[in-house]
Amino acid sequence: MMKKIALILLIPLILLGFTISLSAQNDTLKVMQYNLLNYGNNTGYCNTTNNNINDKNGYIRTILTAYYPDILTVCEMGRSTSLPNDFVSNVLNINGLNYWMTSAGSNTGNSSSLINCIFYNSTKLTLTGHYVAQTYTRDVDVYDFKFKNDDSGHITLTCVIAHLKAGTGTDNEGKRKIMAENTMRYLESNYRERNVLIMGDFNLYTSAEDAYQALTNQTAYPNSYFIDPLYPYGVGAWNNNGSYAEYHTQSTHKDNDSDCHSSGGMDDRFDFILMSENIYGGRDGIRYVGGSYNALGNDGRRFNKSINNPTNYAVSQDVADALFGNSDHIPVTMELVAYLNEDVNELTTNELSYDIFPNPASKELNIRFYQDSFGKANILLFNTLGQLVYSDNIFVDDSLSEYVIPVEDLQKGLYFLNITNADGLKKTIKIIVE
């Protein structure tokens, strides 16, 4: 019998579906956040020998063959004013491409040798503003975009890039907290109920840290709080914890073979893209594509190991070697869908929206879904022979619900999960039991 779990009220929405007219134009945005590790910044321990910019350009070009984004946000770019445009010319606008543009981050009072930076596909996006949310320790940058193909002009996207204070101990944790709280106060005042992503190297060792709690605090910041796409399975005490191996983003080097790169192997989740509730719920023309969030190159077998050894099953050996050579972080990625040229008031949310995880599954298959109205949903699980192996009718309230199907007694292989909502709309999802 299916295990029924209490409704989750603190996270109101996920993946709201849309009923859209045939004239609607959908635009997919691929987003990547990456700590480039002292790109163009000679620190002495990171220098032209062990962190050469020409080598790094080659590594990054290789990495982008595995996931070519429309928005690339980066941390740890040197503050030289020529670097962002050089990056565009030498890494992005190559092999016939010419649409990449950039806007460098700020460096208030020249307080840091490193800045944030954003690069974007100018055939899809127009940059309309660049602001600074806070300046304590390092600037947190805010970039506003509109969509080139959105004739209605009502859909906007804001990207916030934060490189929070590094290091362990209460002092560094306190500085991360101040940076996060300053940023959230700014967003609560200026970006209420908007389509906002916040991304960067947050240097967090656990979700219990005050900085993470500030970023996700619905009570303190009800109009601007962020949702972690890995909630709940990637959220917890991830530092040096093998249970979170598939979510770790740092460090790519097991051994201390470079004074520039941190060592010890993959054992921390430092790098993030979090989304506003508007994006999570698809409230204002943009929604998160469920299950698209990924740590590029993390195949779940990297705990306390290098990204390229032993064999990496998530990316090619060339890409794994490039990830190893370029930085001690790996990129995080996600996809968004924008529904362009639609009147917001005409968008309806009567379709059952869902997320399935993990997939492949070995013990339990979690179904997380939201339906805007009350009603029943029917769940059927078929094997490849068309035989029904599981079924249930469930009641969907007007808030996020989770169900769990036990699959550990099923034979390994491919299955088809069929979900039908109260309006008769159906979804069929391929499921793998391993």
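The values are calculated or read from the model by the stated rules, or taken from the named source; none is laboratory data. Just so it is clear, the structure is predicted and the values come from calculations on it, not from any experiment. Neighbour counts are summed over all protein chains in view; Cβ atoms, including those assigned to glycine, are modelled from backbone coordinates with ideal geometry.
Taking each residue of the range 70-98 that is part of a loop (DSSP other than H, G, I, E, B) and looking for partners that are among the aromatic types (F, W, Y) and modelled with pLDDT of 95 or more with beta-carbon atoms closer than 8 Å, six or more apart or interchain, yields D70/Y120; N93/Y99; N93/W100. Among the residues making up the range 241-292, those that are of a type in the set (D, E), touching a residue at least 60 places away in the same chain (Cβ under 8 Å) and within 14 Å of H329 (Cα to Cα) are D268, D271.
Taken over the range 307-326, residues that are assigned to a loop (DSSP other than H, G, I, E, B) and out of contact with any helix residue (DSSP H, G or I) (no Cβ under 6 Å at 6 or more places or on another chain) amount to 7.
Quick check: is even one residue across the range 145-166 acidic (D, E) and free of Cβ contacts under 8 Å to residues at least 60 places away in the same chain? No, the range 145-166 has no match at all.
Among the criteria (1) crowded, with 18+ Cβ neighbours inside 10 Å; (2) not aromatic (F, W, Y); (3) not in a strand (DSSP E or B), the one G44 does not fulfil is (1).
For (1) in contact with a Ser or Thr (Cβ under 9 Å, 6 or more places away or on another chain); (2) farther than 30 Å from L340 by Cα; (3) surrounded by fewer than 22 Cβ atoms within 10 Å (Cβ to Cβ), each residue gets a yes or a no:
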position	(1), (2), (3)
Y67	yes, no, yes
E76	yes, yes, no
L83	no, yes, yes
W100	yes, no, yes
N110	no, yes, yes
Y120	yes, no, no
V132	yes, no, yes
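Residues of the range 104-156 that are aromatic (F, W, Y) and under 22 Å from G78 (Cα atoms): F119, Y120, Y131, Y136, Y143.
Just one of (1) within 26 Å of A166 (Cα to Cα); (2) modelled with pLDDT under 95 fails for Y39. It is (2). Could you tell me whether any residue of the range 161-179 is assigned by TED's automatic domain parsing to the domain that holds L72 and in a strand (DSSP E or B)? Yes - at least one qualifying residue is present in the range 161-179.
The test for being buried (at least 20 other Cβ atoms within 10 Å of the Cβ) and in the same structural domain as I118 (by TED's automatic domain parsing) holds for N203. When N326 is tested against (1) surrounded by fewer than 22 Cβ atoms within 10 Å (Cβ to Cβ); (2) over 19 Å from the mean Cα position of the chain (by Cα), just one condition goes unmet, and that condition is (1).
Examine the range 184-194 for a residue that is closer than 20 Å to D268 by Cα, basic (K, R) and either buried (at least 16 other Cβ atoms within 10 Å of the Cβ) or touching a residue at least 40 places away in the same chain (Cβ under 8 Å) (or both), and state whether such a residue exists. No, the range 184-194 has no match at all. Would you point out the residue of the range 338-357, among those that are within 23 Å of L157 (Cα to Cα), surrounded by 17 or more Cβ atoms within 10 Å (Cβ to Cβ) and of a type in the set (A, V, I, L, M), that is modelled with the lowest pLDDT? The selected residue is L347. Of all residues in the range 279-304, those being touching an Asp or Glu at 6+ places or on another chain (Cβ under 9 Å), over 12 Å from L336 (Cα atoms) and not in a strand (DSSP E or B) number 8.
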